[in-house]
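Report on the following structure.
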Amino acid sequence: MNSIGRKLADRNNNTLTLVLIGYALQEKIEEIKRFSYDYILYAENKMFEYYDLENYANTLVEMIRKYKPGVVLLGSTLYGRTIAPWIASALKTGLTADCIWLDMNEGTLIQVRPAFGDNIEAEIICPRRKPQMATVRPHVFPLAECRDNDGTCKLVRYDVTNFKTDFLTLLDRIKVLENSQSLEKAQIIFAVGRGIKSKKNLDMVFELAVLYGAQVGATRALVDMGMIDRKYQIGQTGVTVKPKLYIAFGISGCIQHMSGVLCNEIWAVNNDENAQIFKKATLGCVADINVFLPLLLNKMKE
Amino acid sequence: MNIVVCVKPVPDREKMYVDKEKGVLVRNGADMVINELDYYALELGLRCKDMQKDFNVLVLSMANHNCINLIRSLYGYGVDDAVLLSDKAFQGSDTLATSYVLSCGIRKIGECKIILCGCESSDGCTAQVGPNLAQRLGMKLLANVLSIQYVDEKKIQVQQIDYQGIKIVEASLPVVITAVSSELKIRTKKIKFILEAQNKDVSVWNAQDIHADCAQCGLSGSATQVKSMHVKVGIQTGVMIDGDQEEKVEQFISYLKNGKGCNLYHQNFTDEGRTLYWVKVRLKKAEYGSFQNLLILISLMLYMN
């Protein structure tokens, strides 16, 4: 978000501040100082070691009330999507979710977000209240460029004294996700959905992916069926991916899955010619993947 | 003790799609249905009742009055009461105003210790109303909940999604819970309940009934405004592969060998790239004269937002 934040701030001759809340932040701050922020505002406390929505959100609300920023941006992540509306509600201001484009026009933030399954884009503004808040979909803007540390980034410490101690009690963890970063950064993804009928066919997809240098992804349905580990899950409750090429095998293309796919080159193989996915696909093929895949793999091996 | 399940009527997505060639939204007479994730919320609420028989499960919805039969149909699942918040003053509410109206309704119901809602709606997809409600009502928020393991008068244990996977947490009541789709099997309607429902009515409350301040409802209570809408058209024209099984595979492979990635407008970060893209879209739009459909859509979005 550094790149878009920088652009918006420059356009309005404003400053760009990064807010960090957590515990043992020094290493992070050193790392972040290299990016083009004007200020880093950080709140460091042992109480922030574990994420607690109210403590984090209250601190942010206090900070916003004190410094009165014109625009507040948060990542549209699992936590970002819960903390942002909480803050917006406390400040009684507007919040636009999942923006894919932002622009500034005479102090008004133009927020573009998808609607109706990404086929429509809506421009949303928040004209009367401040701050103008938006969550931004991960990876839609380029990563920040580092700059040499020329000492222009000022550090500001923010001390928090009021904490709620009425925590949730963590009783147990069920599954631990492995690092799904390789999927997030993949250039080519072969994704599999409910259309796949057997573990054997799933193995073929993995084999194909290796042959073609692709990563394998899956829909929630397949994960829930226990066919594949949760770390492969793409979509709303999984990872958001941004490949150059996305091939959907046996995926119907429901919004919960497709909202995690930021890709303009979507190919689809599905036995149902009326499947939603074909409306998005640049290349479509009506076929039963359980027949199609073995043929494809054989041909590819040749 | 009351459990409130907030539900939202949304247009049936299955029957709606955007005709990319013509740049119009085809509605196909799409009916209103209950937002899918709200069924998971309802199921969680009913499971609480399964565990603690004396809990009352209510459904609460802010919607147009003509959704009343849709709300009534939820009695079939075994809910105890249904409330519809409906008033001209609520029209055009964004998430901020919507959660204000819902919180007024919840206060009027009273004794609500558990508020459930779907994590997000299929039309707005903002996922904001749940956290917003928690803040307004001063309750703990349990977001992205898969299932409820235990509940009593004082506390609740749930399975919740977080960055590391799934965790089981315990919270003291009251709480706001947002439900995500899960393995949970959603119960079917029971004839017994459907028959009982014939004698039950949906309470309809207006702004006055719930003591809502009209300045905080509807358009005047909304912080955000939809400035414009664009339909993406004509940018991608899909190719369908034809032929028999063998031919399909061969063609697919030749595509795999040649064509990788084009049209990556998300990566055209420059304003020029963006403008070019939109000029293209706008031209197409004018060409096909989809204005009327857009108007329908905008009015719909304003209401649903």
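Right, A:Ala90: among the small types (Gly, Ala, Ser), at the interface with another protein chain (Cβ under 9 Å from one of its Cβ atoms), crowded, with 17+ Cβ neighbours inside 10 Å and over 28 Å from A:Gly235 (Cβ atoms) or not?
yes
Taking the range A:158-214, which residues are under 27 Å from A:Ile32 (Cβ atoms), at pLDDT 80 or above and touching a strand residue (DSSP E or B) at 6+ places or on another chain (Cβ under 6 Å)?
Result: A:Tyr158, A:Val160, A:Leu183, A:Glu184, A:Ala186.
List pairs: first in the range B:141-153 and more than 13 Å from B:Ala171 (Cβ to Cβ), second of a type in the set (Ser, Thr, Tyr), Cβ under 6 Å, 6+ apart or cross-chain?
Listed by first residue and then by second, the contacts come to B:Leu146/B:Ser182.
Can you pull out the residues in the range A:235-281 that are of a type in the set (S, T, N, Q), within 26 Å of B:Ser254 (Cβ to Cβ) and either crowded, with 22+ Cβ neighbours inside 10 Å or in contact with a Pro (Cβ under 8 Å, 6 or more places away or on another chain) (or both)?
A:Asn270
Need at least 1 residues that are within 14 Å of A:Ser89 (Cα to Cα) per element, so show me which strands (runs of 3 or more DSSP E) inside the range B:76-167 make the cut, counting only ones lying wholly within it.
B:140-151
Every residue in the range B:123-140 that is closer than 19 Å to A:Ser76 by Cβ, among the hydrophobic types (A, V, I, L, M, F, W, C) and surrounded by fewer than 23 Cβ atoms within 10 Å (Cβ to Cβ), please.
The one that is closer than 19 Å to A:Ser76 by Cβ, among the hydrophobic types (A, V, I, L, M, F, W, C) and surrounded by fewer than 23 Cβ atoms within 10 Å (Cβ to Cβ): B:Cys125.
Based on this model, can you work out whether B:Leu96 counts as of a type in the set (A, V, I, L, M, F, W, C), touching a residue at least 24 places away in the same chain (Cβ under 8 Å) and within 14 Å of another protein chain (Cβ to nearest Cβ)?
It is true that B:Leu96 is of a type in the set (A, V, I, L, M, F, W, C), touching a residue at least 24 places away in the same chain (Cβ under 8 Å) and within 14 Å of another protein chain (Cβ to nearest Cβ).
Residues in the range B:200-246 that are at pLDDT 85 or above and not hydrophobic (A, V, I, L, M, F, W, C): how many?
15
The values are calculated or read from the model by the stated rules, or taken from the named source; none is laboratory data. None of these values were measured; they are calculated from a predicted model. Here Cβ is always computed from backbone atoms with ideal geometry, including for glycine, and neighbour counts include all displayed protein chains.
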